[in-house]
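Visitor: Sharing a structure with you now.
The values are calculated or read from the model by the stated rules, or taken from the named source; none is laboratory data. These figures come from a predicted structure and were not determined experimentally. Backbone-built Cβ (ideal geometry, glycine too); neighbour counts: all protein chains shown. We work out accessible area using only protein heavy atoms, side chains counted, and drop any ligands, DNA or RNA first. Shrake-Rupley method; radii C 1.70, N 1.55, O 1.52, S 1.80 Å.
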Amino acid sequence: MNGKIIRFITSNKHKFEEVKSLVEERNSDLELLWVKLKYPELQGNSLAEIAIGSLGTVLSALSTEENEYYFLEDAGLFIKALNGFPGPYSSYVFETLGWEGILSLLWNKDDRDAEFRSVCAVYFNGEIRTFTGTIKGRISFQGKGNEGFGFDPIFVPDGAEKTFAEMNIEEKNNFSHRVRSVSLMIDWILNT
Ligand code: ITT
């Protein structure tokens, strides 16, 4: 079936552009539209819980069209030496400490293992589903690069020598947690 409409609810232009690039690369007949909205992010112990709760809140304020897909995506950085912190609290930690604060917390840690996780929650005709993507990597010792957003200057994905912020969108998309969760969602959408 052609011409399916997917509406991505996010306030973050970078996230939208990463997903747009992926949708264009898949070359399917999906039409991606941006619902530019800053929604109140519910706190929770897991990204899935936060994503489902936030989507429910947003949907209650939107009038949805039948046969259209509505999704949002919640991501977090999980650092091994900090027992998974900031994880589901990544937005708050980024706003308060920034990536520089994360480097300070790790100043005496040799173990730099970390992962980005992403959960998409998608609504379609009365039901919500979630899809998860993960990329393992490490926290660099210094911030590097000007591309991207958030913690990109300090995250080096496994298989690369550069931080996400030293990559353009296409390069980052070869690794990213977001591409992994959204690709699973697209596979599902193309099969419904
Ligand atoms: P939304 O409007 O879509 O919620 P957001 O920027 O608040 O946009 P998230 O809640 O998903 O996005 O992200 C939580 C935090 O994790 C956020 O502050 C980002 O800085 C960071 N983050 C998420 N994905 C990232 C990525 O791909 N690269 C770097 N940092 C990322």
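Visitor: Return yes when Tyr69 is open to solvent by less than 10 Å² (accessible area, probe 1.4 Å) and of a type in the set (Ser, Thr, Tyr) and no when it is not.
Guide: In short, yes.
Visitor: Could you list, in sequence order, the residues of segment 114-156 that are surrounded by 19 or more Cβ atoms within 10 Å (Cβ to Cβ), under 14 Å from the mean Cα position of the chain (by Cα) and of a type in the set (Val, Ile, Thr)?
Guide: Listed by number, the residues that qualify are Val119, Val122, Thr130, Ile135.
Visitor: Please go through (1) in a loop (DSSP other than H, G, I, E, B); (2) under 20 Å from Tyr89 (Cβ atoms) for Ser28 and return the number of the only condition it doesn't satisfy.
Guide: Here Ser28 meets the rest and fails (2).
Visitor: Related question: Among the residues that make up segment 93-102, is at least one of them in contact with a strand residue (DSSP E or B) (Cβ under 6 Å, 6 or more places away or on another chain), under 30 Å from Thr192 (Cα atoms) and either among the hydrophobic types (A, V, I, L, M, F, W, C) or not in a loop (DSSP other than H, G, I, E, B) (or both)?
Guide: Among the residues of segment 93-102, not one is in contact with a strand residue (DSSP E or B) (Cβ under 6 Å, 6 or more places away or on another chain), under 30 Å from Thr192 (Cα atoms) and either among the hydrophobic types (A, V, I, L, M, F, W, C) or not in a loop (DSSP other than H, G, I, E, B) (or both), which makes the answer no.
Residue by residue, here is whether (1) within 14 Å of the ligand (Cβ to nearest atom); (2) without any contact (Cβ under 8 Å) to a residue 60 or more places away in the chain holds:
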{"position": "Arg26", "(1), (2)": "no, no"}
{"position": "Glu31", "(1), (2)": "no, yes"}
{"position": "Ser91", "(1), (2)": "yes, yes"}
{"position": "Ile102", "(1), (2)": "yes, yes"}
{"position": "Leu106", "(1), (2)": "no, yes"}
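Visitor: Taking segment 1-18, which residues are touching a residue at least 60 places away in the same chain (Cβ under 8 Å) and either more than 23 Å from Ser63 (Cβ to Cβ) or out of contact with any Leu (no Cβ under 7 Å at 6 or more places or on another chain) (or both)?
Guide: Asn12, His14, Lys15, Glu17, Glu18
Visitor: Right, something else. (1) surrounded by 19 or more Cβ atoms within 10 Å (Cβ to Cβ); (2) within 28 Å of Gly137 (Cα to Cα): which one isn't true of Asp111, the others all being true?
Guide: That leaves (1) as the condition not met.
Visitor: Counting just the residues of segment 103-153 that are assigned to a loop (DSSP other than H, G, I, E, B) and among the charged types (D, E, K, R), which one comes out nearest to Asn12 (Cα to Cα)?
Guide: Applying the filter and picking the extreme gives Glu147.
Let's see how each residue does on (1) within 12 Å of the ligand (Cβ to nearest atom); (2) more than 30 Å from Glu65 (Cβ to Cβ); (3) of a type in the set (Ser, Thr, Tyr):
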site: Val119; (1), (2), (3): yes, no, no
site: Glu127; (1), (2), (3): no, no, no
site: Lys144; (1), (2), (3): no, yes, no
site: Gly148; (1), (2), (3): yes, yes, no
site: Asp152; (1), (2), (3): yes, yes, no
site: Lys162; (1), (2), (3): no, yes, no
site: Met167; (1), (2), (3): yes, yes, no
